[in-house]
Amino acid sequence: MRKFALLVVLGLLSACAQTSAQSQPPQVAASCAAPLRPALELNLYFGRDKPGGVVSEAEWATFLAQEVTPRFPDGLSVINVAGQSRGAAGPIERERTKLLVIVVFDPPAHQPKVVAIIDAYNKRFAQNSVFRTEHAVCASA
């Protein structure tokens, strides 16, 4: 019984630690070997299906030029990927996707820019969301 109680307590402490870590804002890497510097990599996945069709390459290029590049003029990468997710009804849905990769050296400053890009994409192309990940990296420009 004591072993079971200890396992329960350890499980609860672990859950608290995970919750606390998840609620913290993303941080850059603690240390990096020169010439690399601590940075944050942002990954935004833009699904291209929209009501009545697909976001075309021309529409994407216009969106990139108008909404993304002005906010992140120092550089970014765009990769065509084949995305899939489970839809609300349960089946797997597949969709052409644009993966936008941006590395930033000023972590808190990027947040409003990313939110503005996501909001603009959702409004312009009648989307529900843009999948987003962020993680610490070491980088050099």
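Miscellaneous remarks
- Once the C-beta distance of THR62 and ALA89 is scaled by a Förster radius of 30 Å, the resulting FRET efficiency is 0.40 to the nearest 0.05.
- Amide N proximity, region 114-141 versus VAL101 label position 7 Å along Cα-to-Cβ, cut-off under 16 Å: 132-141
- Per-residue 3J(HN,Hα) values for region 82-95, derived from phi via the Karplus relation 6.51 cos²θ - 1.76 cosθ + 1.60 with θ = phi - 60°, read 9, x, 8, 7, 8, x, 4, 7, x, x, 6, 10, 10, 7 Hz in sequence order (x marks Gly and Pro).
Just so you know, all these numbers are worked out from the coordinates, no wet-lab data involved. The model shown is predicted, which means the values in this text are computed figures rather than measured ones. All Cβ positions, even for glycine, are placed from backbone atoms using ideal geometry, and neighbour counts span all protein chains on display.
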